[in-house]
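Worksheet for the structure shown next.
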Amino acid sequence: MTSLRGAHVLVTGASSGIGAALATSLHASGSRLTLLGRDEARLAKVCAGTGGEPLVVDLADAGQRAELAARFRSRPPDVVVHNAGIGLAGELGCQSAQDVDRVLELNLRVPVQLTREWLPAMVARGSGHLVFVASIAGALGVAEEAAYAASKGGLLTFAKSLRDELAPSGIRVTTVLPGVVATPFFTRRGSSYDRRFPRPLPAARLAAATVAAVEHDRTEVVRPRWLRLPIAVRATAPGLYAALADRFG
């Protein structure tokens, strides 16, 4: 078991939703937090409740990303939680190229490039833990969320490849695959969640499971747990999965 007491943890997208819940859980574990977000007021509120150091950064801005990368290049945090991301819903042919590019940039390219910047110092140090908050959409695919699912699916594949690459180095990698979580995510993407099932998962439960995964060096978090079943069916019987998805999706 790895103790997080006193560990320096950076959380991106920490001003609300899953990121804010992660900050609360990590604070309870005794972590020393750097919390990154673009909404200064909301971020300040989260930091006030967790003792975190606020870092106001818009990850969509290349200049600000470069400054962030340089800030931790020589001495990266002990744990980096790549949580920041955005959603995009609707038919792909009706979405603008700019919107699709923005989703792929923030959800995939940014965590890949920041990891690339900080990894050499982590490897030289011989320790570190990388956490990638993806989505069940990235594992299964979701109709009318093609670009978003692609960004999260790419993130999952990147993390899996990196885990194998870093196995001898002492660097740990954890992927987080949430289903529907009770956050402002759906409102911000411009399409509300109105299904009766599955019910949204409280962000605090996902955060607690993620922190426990870091402490116990677990490679994957899937919440709710029953989502492991469709993941397994799709992996072992893709034809059956497609038929079921067409019928019940």
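If I filter the range 155-175 for residues that are among the hydroxyl-bearing types (Ser, Thr, Tyr), outside any helix (DSSP H, G or I) and surrounded by fewer than 15 Cβ atoms within 10 Å (Cβ to Cβ), do I get at least one hit? No, because not a single residue in the range 155-175 is among the hydroxyl-bearing types (Ser, Thr, Tyr), outside any helix (DSSP H, G or I) and surrounded by fewer than 15 Cβ atoms within 10 Å (Cβ to Cβ).
Would you tally the residues in the range 218-249 being surrounded by 12 or more Cβ atoms within 10 Å (Cβ to Cβ) and not small (Gly, Ala, Ser)?
Start the filter on the range 218-249 by keeping residues that are surrounded by 12 or more Cβ atoms within 10 Å (Cβ to Cβ), which leaves 218-224, 227-228, 230-231, 233-234, 237, 241-242, 244-245.
Filter again for not small (Gly, Ala, Ser), leaving 218-224, 227-228, 230-231, 233-234, 241, 244.
Going through the range 218-249 one residue at a time, the tally reaches 15.
THR210 meets each of the listed conditions (1) touching a residue at least 60 places away in the same chain (Cβ under 8 Å); (2) open to solvent by 50 Å² or more (accessible area, probe 1.4 Å); (3) under 16 Å from the mean Cα position of the chain (by Cα) apart from (2). Taking the condition of a type in the set (Lys, Arg) and at pLDDT below 90, does ARG188 pass? So ARG188 fits the description; yes. Just the residues that are assigned to a loop (DSSP other than H, G, I, E, B) and either of a type in the set (Val, Ile, Thr) or more than 14 Å from the chain's Cα centre (by Cα) (or both), please, taken from the range 16-37. Matches in the range 16-37: SER29, GLY30, SER31.
Among the residues of the range 115-129, write down those that are surrounded by fewer than 19 Cβ atoms within 10 Å (Cβ to Cβ) and touching a helix residue (DSSP H, G or I) at 6+ places or on another chain (Cβ under 6 Å). First the steps, then the outcome.
To start, the set of residues in the range 115-129 that are surrounded by fewer than 19 Cβ atoms within 10 Å (Cβ to Cβ) comprises 116-117, 120-121, 123-127.
Hits for the range 115-129 are GLU117, VAL123.
Selection of first residues in the range 140-155 that are among the small types (Gly, Ala, Ser) and modelled with pLDDT of 95 or more and of second residues that are assigned to a helix (DSSP H, G or I) and surrounded by fewer than 20 Cβ atoms within 10 Å (Cβ to Cβ), restricted to Cβ pairs under 6 Å at least 6 apart or on distinct chains, gives the following pairs, ordered by first then second residue: ALA146/LEU92; ALA147/VAL100; SER151/LEU104.
Per-residue answers, yes or no, for (1) among the hydrophobic types (A, V, I, L, M, F, W, C); (2) over 20 Å from THR24 (Cβ atoms); (3) touching a helix residue (DSSP H, G or I) at 6+ places or on another chain (Cβ under 7 Å); (4) not in a loop (DSSP other than H, G, I, E, B):
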residue	(1), (2), (3), (4)
ALA208	yes, no, yes, yes
ALA213	yes, no, no, yes
VAL222	yes, yes, yes, yes
ARG228	no, yes, no, yes
ILE231	yes, yes, yes, yes
GLY239	no, yes, no, yes
LEU244	yes, yes, no, yes
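The values are calculated or read from the model by the stated rules, or taken from the named source; none is laboratory data. Worth saying up front: this structure is predicted, and the values here are computed from it rather than measured. Every residue, glycine among them, receives a Cβ derived from its backbone with ideal geometry; neighbour counts consider all protein chains shown. In case anyone asks, the SASA skips ligands and DNA or RNA and just uses the protein heavy atoms, side chains included. Shrake-Rupley method; radii C 1.70, N 1.55, O 1.52, S 1.80 Å.
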